[in-house]
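Down below is the structure, laid out as structure tokens.
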Amino acid sequence: MIKFCITLLCAVLSFGCSSSNEQRYSLVEDLTISAVADTLYKVNLNINGVSDTGGIILQTSEVTVNEALSNRWSFDLGDQLTVLLKDSLYKNKVSTDYSFDVSVYRFQGSYLGEAQAAAVFVVKDKNGKIILNKDFTAIKDLTKDGYAELVLKLKEAWNEITLKAIDSLP
């Protein structure tokens, strides 16, 4: 019985400590994408590597990348980036005949005071012919400290990448 009480006390203390310090961040909280835009576009987005773990990623040295344990995405990062991409496609009147395969391989903060995003876009026409296969990168300088600033700059970087891809379409 004592062992059970000690285990229960440790679990309660652990839960209390971990849940009270956790912050959740969203890239799409201010976005109102229409249901039409969501169903119009064929987007297959994958996040490669450490960025797909749920926490915000920080590069702390030239060779070290860490996940923030208490600063996490409010929901799946891939879903958020997909919503932002579809919204941008809709607002820029991109043809619905295209299908998008996107591999995000960098979406993180850096010890250099930057928000960094990078992805490869493979776009096919309605016949399945590849019309774009290109790597896009965006880096935004952080002007303030904190995760909220990092999230805002990561969103700006993603939007820049999306617009670069749209501008590269035939």
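The values are calculated or read from the model by the stated rules, or taken from the named source; none is laboratory data. In this text the structure is predicted, and so the values were computed from the model without any measurement. Don't worry about glycine lacking a Cβ; one is built from the backbone with ideal geometry, like all the others, and counts go over all protein chains shown. Just so you know, the surface numbers come from the protein's heavy atoms only, side chains and all, with ligands and any DNA or RNA stripped out. Shrake-Rupley method; radii C 1.70, N 1.55, O 1.52, S 1.80 Å.
To keep it simple, each residue is scored yes or no on (1) more than 10 Å from the chain's Cα centre (by Cα); (2) farther than 20 Å from residue 32 by Cβ; (3) at pLDDT 95 or above; (4) buried (at least 19 other Cβ atoms within 10 Å of the Cβ).
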{"residue": "53", "(1), (2), (3), (4)": "yes, yes, no, no"}
{"residue": "63", "(1), (2), (3), (4)": "yes, yes, no, no"}
{"residue": "67", "(1), (2), (3), (4)": "yes, yes, no, no"}
{"residue": "74", "(1), (2), (3), (4)": "yes, no, no, no"}
{"residue": "85", "(1), (2), (3), (4)": "yes, no, yes, yes"}
{"residue": "90", "(1), (2), (3), (4)": "yes, no, no, no"}
**Q.** Yes/no for residue 117 being crowded, with 21+ Cβ neighbours inside 10 Å, modelled with pLDDT of 95 or more, under 30 Å from residue 66 (Cβ atoms) and of a type in the set (A, V, I, L, M, F, W, C)
**A.** yes
Q. Only one of these conditions is not met by residue 125: (1) within 24 Å of residue 31 (Cα to Cα); (2) out of contact with any Leu (no Cβ under 8 Å at 6 or more places or on another chain). Which number is it?
A. (1)
Q. Would you pick out the residues in the stretch 161-170 that are in a helix (DSSP H, G or I) and either without any contact (Cβ under 8 Å) to a residue 40 or more places away in the chain or not polar (S, T, N, Q) (or both)?
A. 161, 163, 164, 165, 166, 167
Q: Would you tally the residues in the stretch 132-162 being surrounded by fewer than 15 Cβ atoms within 10 Å (Cβ to Cβ) and either among the acidic types (Asp, Glu) or within 30 Å of residue 97 (Cβ to Cβ) (or both)?
A: 7
**Q.** Which numbered condition residue 32 misses (of (1) modelled with pLDDT of 85 or more; (2) among the hydroxyl-bearing types (Ser, Thr, Tyr); (3) not in a helix (DSSP H, G or I))
**A.** (1)
Q.
Just to verify a result, which residue in the stretch 35-51, among those that are closer than 19 Å to residue 105 by Cβ and at pLDDT below 90, is least open to solvent (accessible area, probe 1.4 Å)?
A. 51
(Q) Residues to consider are 123, 94; find the one that is in contact with a strand residue (DSSP E or B) (Cβ under 7 Å, 6 or more places away or on another chain), open to solvent by less than 40 Å² (accessible area, probe 1.4 Å) and either charged (D, E, K, R) or at pLDDT 95 or above (or both). (A) 123
Q) What pairs come up if the first residue lies in the stretch 147-159 and is farther than 23 Å from residue 21 by Cα, the second is among the small types (Gly, Ala, Ser) and part of a helix (DSSP H, G or I), and their beta carbons are under 7 Å apart, counting only those six or more places apart or on different chains? A) 159/88
Q | Boolean, residue 111 is under 11 Å from the mean Cα position of the chain (by Cα), of a type outside the set (D, E, K, R) and over 30 Å from residue 170 (Cα atoms) | A | no
Q | Residue that is nearest to residue 25 (Cα to Cα), among those in the stretch 97-107 that are open to solvent by 10 Å² or more (accessible area, probe 1.4 Å) and touching a strand residue (DSSP E or B) at 6+ places or on another chain (Cβ under 6 Å) | A | 106
